[in-house]
Every structure is written in C-alpha cells, then in structure tokens.
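Novice: Below you will find the structure I want to go over with you.
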Amino acid sequence: MKYVILDIDGCCLDNAERIDHLHAGDLETFYLEWEKDKPIEQGVLVYSMLMDNPEIECVFVTARPEQVRLQTLAHLNILFGVQRMEKCKLLMRPNKDQRIDTELKLNLILESCIDFKDVFLCFDDRLSVIEAYRNNGMVAYQTNAGW
C-alpha cells in the first residue's frame, strides 16, 4: 500500500479568519471558531481525487491537538464526505505535546507504523515540514506559504 500524507490547514482549509487568536495565544477561541475556516478549492479537489484512488491510503497528519478531533472530523466530513473519510486515518498532536511540527509530523507517521519508503506523496503548507519530508526521502509539495 502506498500512502499520501495530507495536511489540513493551509492545504484544504484556510484558517486566516481565526489565525490571529492562535498568534495571540488564545487557543480556546481559535479552536472554537473552526467553522470560520474556508475550503481551499484546489486542495479539496486534489485531495478528493487522491482519496478516490483505491491504490492509495490517505493519511491526514496535522499539528491540531487531539482535543479538537471531533470538530476536525466534522469539518473534513463536510469537505470530503463521510464515505471518503472512513477510509482515511487522522493523526493529530497529542494534547499538551510541545514538539515542533517537523518532529511531530515525522513521529506521528512512524508511530502509525508507516515506513517512509511507503509514502508516495506529501502535502503541507510549511516549508520546514516539506524539507523534513524531503530529507527523509519523501516527495513533498508545498501548497501555500505557511505561517
């Protein structure tokens, strides 16, 4: 099985309307306002096509914490449909985990028993994460300039 690693924010959802809360350290408001996120049309289309490919397993890998799993799944179900999402994994930051995104995302993949050699493609908005994927032998595409 080949895997495709999919980031959420900056890839299929634009969280620009609430990002100021994150930068201000107001995580509660940032997470409560998830419904303000706007779909990124290109990301939704590309992800949907990949999710429909029976030879690929899509794995969402996000720095969002576990405490917002239900909200995240609800939004992904709206974007992609329940049937598509049932075939995907969603790997999230453990609550109170302070690892930087590059370390976190690589470890989440490995902890899911996914060998980097089996990763067909990765998407992320942050250049540091893209470089970490590439430094570990994966093909990675940057979607937007990540914050």
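Novice: Provide the per residue accessible area, probe 1.4 Å, for the chain, rounded to a whole number of square angstrom.
Specialist: I get 54 Å² per residue for this part.
Novice: Summarise the long-distance tail of P(r) for region 75-147 by giving the % of C-alpha pairs beyond 17 Å.
Specialist: I get 53 percent for the Cα pairs in region 75-147 exceeding 17 Å.
Novice: Would you please name the trypsin sites (Lys or Arg not before Pro) within region 44-124 that are DSSP coil residues with at most 13 other C-beta atoms within 10 Å of their C-beta?
Specialist: Numbers: sites: Arg69, Arg84, Lys87, Lys89, Lys96, Arg99, Lys105, Lys117; in loops: Lys87, Lys96, Arg99.
Filter output for region 44-124: Lys87, Lys96.
Novice: With a sphere of radius 15 Å drawn around the Cβ of Asp97, what net charge do the other residues whose Cβ falls strictly inside it have (Lys, Arg +1; Asp, Glu -1)?
Specialist: +2
Novice: While we're here: Using only helices, what value at 222 nm comes out for the chain when you add -39,500 (n - 2.57) per DSSP H run of length 4 or more and divide by the total residues, to the nearest 500 deg cm²/dmol?
Specialist: Value at 222 nm, helices only: -11000 deg cm²/dmol.
Novice: Now for a separate question. How many angstrom lie between the C-alpha centres of region 26-45 and region 101-116?
Specialist: After rounding, the separation between the Cα centres reads 24 Å.
Novice: Computing the accessible area with a 1.4 Å probe over protein heavy atoms, can you report the carbon and sulfur percentage for the chain?
Specialist: 53 percent
Novice: How many nm is it between the label spots at Ala145 and Met1, if each spot is 7 Å from the Cα in line with the beta carbon?
Specialist: The modelled label-to-label distance comes out at 3.8 nm.
Novice: In a Gaussian network model over the chain where Cα atoms closer than 10 Å are linked, find which of Gly25, Gly137, Gly81 has the largest mean-square fluctuation.
Specialist: Gly25
Novice: At 0.36 nm per residue, and after removing the present C-alpha to C-alpha distance, how many nm does the segment from Arg134 to Ser48 gain when stretched out fully?
Specialist: Numbers: separation 86, 0.36 × 86 = 30.96 nm, distance 2.35 nm.
Length gained, Arg134 through Ser48: 28.6 nm.
Novice: What value does region 1-43 have for Rg/Rh, both radii from Cα atoms and Rh as Kirkwood defines it? Present the calculation step by step, with values, prior to reporting the outcome.
Specialist: On the way: Rg = 12.5 Å, Rh = 11.4 Å.
Taking Rh as the inverse mean 1/r over Cα pairs, Rg/Rh reads 1.10.
Novice: While we're looking at this one, here's another question. Please grab the % of Cα pairs in the chain that end up more than 21 Å from each other.
Specialist: For the chain, the fraction of Cα-Cα distances above 21 Å is 40 percent.
Novice: Mind listing the long-range amide H neighbours of Leu91? Cut-off is under 5 Å, sequence gap 5 or more, other chains count too, H placed in the peptide plane at 1.01 Å from N.
Specialist: HN-HN under 5 Å from Leu91: Phe60, Val61, Thr62.
Novice: Find the relative contact order for the chain and round it to a whole percent, using C-alpha pairs within less than 8 Å whose residues are 6+ positions apart.
Specialist: Here the relative contact order equals 28 percent.
Novice: Could you go through region 105-121 in sequence order and give the Karplus-derived ³J(HN,Hα) for each residue, using 6.51 cos²θ - 1.76 cosθ + 1.60 with θ = phi - 60°, rounded to whole Hz, and x for Gly and Pro?
Specialist: 5, 4, 5, 4, 5, 5, 5, 8, 6, 9, 7, 3, 5, 8, 8, 7, 7
Novice: Something else: Where both partners of a DSSP beta bridge lie in region 1-130, what percent of those bridges are antiparallel, to the nearest 5?
Specialist: Values: 2 of 16 bridges.
Here the share of antiparallel DSSP bridges comes out near 10 percent.
The values are calculated or read from the model by the stated rules, or taken from the named source; none is laboratory data. Here the structure is a predicted model, which is why all the values come from computation and not from measurement. When we count neighbours, we look across all protein chains shown, and the Cβ atoms used for this are built from the backbone with ideal geometry, even at glycine. Side chains are part of the model used for accessible areas, which takes the heavy atoms of the whole protein and leaves out ligands, DNA and RNA. Shrake-Rupley method; radii C 1.70, N 1.55, O 1.52, S 1.80 Å.
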